[in-house]
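To start, the structure under review is shown below, and the notes come after it.
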Amino acid sequence: MTLSLHTSVLPHLEWEAVGPFASAAVVGPALGARVGHRINTRLLSLDFAGLLVLTECYTALQSVPRLLG
């Protein structure tokens, strides 16, 4: 409904960027459903937590110098 209200925006979207994300949104859940039940959920949770910590460290390394300088 939202897109139908804003059809004037559609021609101005960068389809080179939208296409891969739209494809991943379609293919990702299908692959996740097939692989998800085979993976140890504890290991998956630990990996996700590690990814969050790495993201936090990267963000801190980028932000702290700008805040102090």
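The values are calculated or read from the model by the stated rules, or taken from the named source; none is laboratory data. Here the structure is a predicted model, which means the values were calculated and not measured. Surface accessibility is based on the protein's heavy atoms, side chains included, excluding ligands, DNA and RNA. Shrake-Rupley method; radii C 1.70, N 1.55, O 1.52, S 1.80 Å.
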Would it be correct to say that Ser8 is polar (S, T, N, Q), part of a helix (DSSP H, G or I) and modelled with pLDDT under 90? no
Hey, among Ala24, Ala17, which residue is in a helix (DSSP H, G or I), at pLDDT 90 or above and open to solvent by less than 70 Å² (accessible area, probe 1.4 Å)? Ala24
